[in-house]
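Trainee: Here you go, one structure.
The values are calculated or read from the model by the stated rules, or taken from the named source; none is laboratory data. Owing to the predicted nature of the structure, the values given are computational and were not obtained by experimental measurement. Here Cβ is always computed from backbone atoms with ideal geometry, including for glycine, and neighbour counts include all displayed protein chains. Heavy atoms of the whole protein, side chains included, go into the accessibility calculation; ligands, DNA and RNA do not. Shrake-Rupley method; radii C 1.70, N 1.55, O 1.52, S 1.80 Å.
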Amino acid sequence: MTNIGNLPDHVMLDILSLIPMNELILSCRLVCSRWRDLVDLPIFWRSKYRHKNENLKKTKEFYVFSHLERNLIKNPCGEEGLDFWETQTSPRGQWKTKEMSEADSSKLQKWDFLQRHFYVKDDAIPYQEVNKCFAAYGRLCVKSQLITLKDEGYWDELMDEGRPTIVVKDWFYGVLGRRYQLSVKLLSADFTVIREYCSKGRYTCYSEDEEWREVSHTFHNFPPGVRHIFFQHQSQNLNWQESGLLMRIAKLFRIARCMKTDRRMRITKSSVTIGPFSLDKTMYYKDGRDLSSCSFIYYRGIQCPCRGNYLHW
């Protein structure tokens, strides 16, 4: 005898699309692994999103962005060599991958890039394995990726109406005599620049105090039309003509000592995430937030999809 478990996926999706959203998340997802996988399909939520219901609009956006959110940078730590990266270097420049020390790896694993973990305690966030990094050799080393949002499941209507927050993060190990620079562009379908961020000369290493540093930027309230994200970072030697003669001599001696140990600027754990948190305009402030209310009802001990980021009724 045929039962509901024998129905093909496309028929099951048609049936599930008729169920109210709260029941889909709080009940249907918990039936079995097959139902959970069907409910979480981006194509399913794309169809559900287009069912106009202003009372559930923000709830839909939050759920969709939360489930789509992941690191859009491919090969962020060099585990796959230089795959997925476009590189440009000076004639003697070169990008290489290096193993991370145990101490460095332990430190970077404590920092997470997902926006939905913003309010979660550190001990509740799973560690990120960071075992490798990119090392820049030579005067100028540039590395970039172009992200096409439609290929990652973010359809045009969702980006234009959802007004998400785009967060870019990167980690670099500063070395005396080198400058790190991050450049990110939000591009339209014809690659016109809609918004742009460039760190310029902000991260310049003038001292011997070397450490891992995080670089981040958040795009809020950008206009409609974003279809691509261009991510680029680079390492280059300082222009010593900008410094006085005595300062230049002193720094050059220190750089020479650094070069003997073959220490190069290293970069790892690059990330680009698209999250729903622009829906809560007050979250931009780190202290004294007045969080918006979550429109899901918390009951039966089931964790809300907002993961505690919003107050419940």
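Trainee: Residue by residue through segment 75-88, note down the ones that are free of Cβ contacts under 8 Å to residues at least 24 places away in the same chain and surrounded by 15 or more Cβ atoms within 10 Å (Cβ to Cβ).
Mentor: Correct list: Asn75 only.
Trainee: Open to solvent by less than 20 Å² (accessible area, probe 1.4 Å), modelled with pLDDT of 90 or more and of a type outside the set (Ser, Thr, Tyr): is that true of Leu238 in this structure?
Mentor: no
Trainee: Go through segment 159-179 and give me each residue that's in a strand (DSSP E or B) and within 21 Å of Leu146 (Cα to Cα).
Mentor: Those that are in a strand (DSSP E or B) and within 21 Å of Leu146 (Cα to Cα): Thr165, Ile166, Val167, Val168, Lys169, Asp170, Trp171, Phe172.
Trainee: Checking Arg213 against (1) charged (D, E, K, R); (2) assigned to a strand (DSSP E or B); (3) more than 16 Å from Lys269 (Cα to Cα): exactly one of these is not met. Which one?
Mentor: With (1) charged (D, E, K, R); (2) assigned to a strand (DSSP E or B); (3) more than 16 Å from Lys269 (Cα to Cα) applied to Arg213, the lone miss is (3).
Trainee: Mind listing whichever residues of segment 162-177 are open to solvent by 10 Å² or more (accessible area, probe 1.4 Å), farther than 13 Å from Phe222 by Cβ and not basic (Lys, Arg)?
Mentor: Result: Trp171, Tyr173.
Trainee: Hey, any hits in segment 65-74 for a residue that's surrounded by 12 or more Cβ atoms within 10 Å (Cβ to Cβ), on the phi < 0 side of the Ramachandran plot and modelled with pLDDT under 80?
Mentor: Yes, because at least one residue in segment 65-74 is surrounded by 12 or more Cβ atoms within 10 Å (Cβ to Cβ), on the phi < 0 side of the Ramachandran plot and modelled with pLDDT under 80.
Trainee: In segment 180-201, what count of residues is obtained for those that are of a type outside the set (Lys, Arg), in a loop (DSSP other than H, G, I, E, B) and modelled with pLDDT under 95?
Mentor: Final tally of qualifying residues: 2.
Trainee: For segment 203-235, enumerate the residues that are in contact with a Lys or Arg (Cβ under 9 Å, 6 or more places away or on another chain), of a type in the set (D, E, K, R) and either surrounded by fewer than 17 Cβ atoms within 10 Å (Cβ to Cβ) or under 10 Å from Tyr180 (Cα atoms) (or both).
Mentor: Scanning segment 203-235 gives Glu208, Glu210, Glu214.
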